[in-house]
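Note sheet for the following structure.
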Amino acid sequence: MTTTTRSPSPSAARTRAAARPPRRARRPRRAPRALPYLLLLPATAVLVLVFGYPLGRLGVISFQDYGLRALFTGQVGWAGLGNYRAIADDPQLVPVLLRTAGFCAALVAGTLAVGLAVALMMVRLGPVMRRAVTFCLIASWAMPPVAGTLVWQWLFEPVYGVVNWALTQTGLFGDLSQHDWTSSPLSAFALVWLLVVWQSVPFVALTLYAGLSQIPRSYYEAAALDGAGPWRTFRVITLPFLRPILALVTILSVIWDFNVFTQIWILTQGGPNQGTTTLGIWSFTKAFSSDSFGQGAAVAVVSVLLLFALTVVYVRRLVRSGEQL
């Protein structure tokens, strides 16, 4: 005798399915909120170790009467705000601040202008020439600042310099074989400006070229069909796309150029007649030439605070305008 099993009717199956509790959908696991901070922790620790202690020590020395006597005896007295009052009363403070701000603005403007021009040129070059230009930029960028400054110093040497010899051979400026480019503040600043811009252009040019290469070609084709000229195309298409990158390289250039020290010290040492003395040079001479390490530290602290204030104001301006780096 065989028994047959009957399959449940469709209505019964639907009834049992409706009676079952619904299964909870699996939610994707969320990363813990502390994960981004944990990832940033190693870099933060390195920055604190590398920069935290020197900055803290610098701030402490700026409030101390730290001179040669304290350096040899180890007995340091507290000066309070005396070092800051001394530099505030120094007649060199205002000229040094104006000189530093003007030189920084000239360096940033020159670096951005030349770097943008080189980036636009690289877009229009063929593959072979583009690789050659990239190689030259990377080679000049890889040269250490001290080595590059010494080569620059040799090029503009009054007696044996190649630049003086080449300009003399042209006959356009007369005999420049004995000309000293560091004899006047204007020519000395021009000499340092050319060097710093030459060393800073590679980073700006390569960064802007990377941004230009990401702009779709269709935008330029549509602009050409509409009859837009080169300047209008640059202003309407290229500049809006590059604005976040320009903001980034601008703020980095301000930080780097505000702290220029090596090039000025090797070429001019703040001369002639302190005509090329910036905040960095003034802090160094206060500490090691005048043997007043407290006042030198105070000048350095003022430099850090000014640069921090400029950076904060610029970043807040970018955030308010809706720019995202």
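The values are calculated or read from the model by the stated rules, or taken from the named source; none is laboratory data. Quick caveat: nothing in here was measured; it's all calculated off a predicted structure. Cβ coordinates were reconstructed from backbone atoms using ideal geometry, including for glycine residues, and neighbour counts include every protein chain displayed. Note: accessible area is taken over every heavy atom of the protein model, side chains too, but ligands, DNA and RNA are not part of it. Shrake-Rupley method; radii C 1.70, N 1.55, O 1.52, S 1.80 Å.
Worth pointing out:
- Of all the criteria given as (1) more than 23 Å from the chain's Cα centre (by Cα); (2) part of a helix (DSSP H, G or I); (3) within 23 Å of G275 (Cα to Cα), the one not satisfied by L167 is (3).
- So L186, is it closer than 17 Å to T278 by Cα, open to solvent by 60 Å² or more (accessible area, probe 1.4 Å) and not β-branched (V, I, T): yes
- Residue within segment 277-295 that is part of a loop (DSSP other than H, G, I, E, B) and modelled with pLDDT of 85 or more present: yes
- Close Cβ contacts (under 6 Å, 6 or more residues apart or on different chains) running from residues in segment 246-270 that are basic (K, R) to residues that are at pLDDT 90 or above are absent.
- Candidate set: segment 236-270, residues that are out of contact with any Pro (no Cβ under 9 Å at 6 or more places or on another chain) and in a loop (DSSP other than H, G, I, E, B); chosen: the one nearest to L307 (Cα to Cα): N259
- Given (1) open to solvent by 20 Å² or more (accessible area, probe 1.4 Å); (2) not in a loop (DSSP other than H, G, I, E, B), number of the condition N273 does not satisfy: (2)
- In segment 123-140, the condition of being of a type in the set (S, T, N, Q), more than 30 Å from R243 (Cβ to Cβ) and touching a residue at least 24 places away in the same chain (Cβ under 8 Å) is met by no residue.
- Output for segment 141-152, where each listed residue is surrounded by fewer than 18 Cβ atoms within 10 Å (Cβ to Cβ), touching a residue at least 40 places away in the same chain (Cβ under 8 Å) and in a helix (DSSP H, G or I): W141, P145, V146, L150
- Of all the numbered requirements in (1) open to solvent by less than 50 Å² (accessible area, probe 1.4 Å); (2) within 21 Å of G102 (Cβ to Cβ), G294 misses one, and that requirement is (2).
- Cross-chain or 6+ apart pairs with Cβ under 8 Å, segment 288-306 first and without any contact (Cβ under 8 Å) to a residue 24 or more places away in the chain, then surrounded by fewer than 19 Cβ atoms within 10 Å (Cβ to Cβ) and outside any helix (DSSP H, G or I): G296/S290
- Candidates D175, D180: the one that is in contact (Cβ under 8 Å) with a residue 12 or more places away in the chain and acidic (D, E) is D180.
- Among the candidates A223, A247, the residue that is over 20 Å from the mean Cα position of the chain (by Cα), surrounded by 14 or more Cβ atoms within 10 Å (Cβ to Cβ) and more than 19 Å from M122 (Cα to Cα) is uniquely A223.
- Single condition L239 does not satisfy, out of (1) under 23 Å from F189 (Cβ atoms); (2) open to solvent by 20 Å² or more (accessible area, probe 1.4 Å); (3) free of Cβ contacts under 8 Å to residues at least 40 places away in the same chain: (1)
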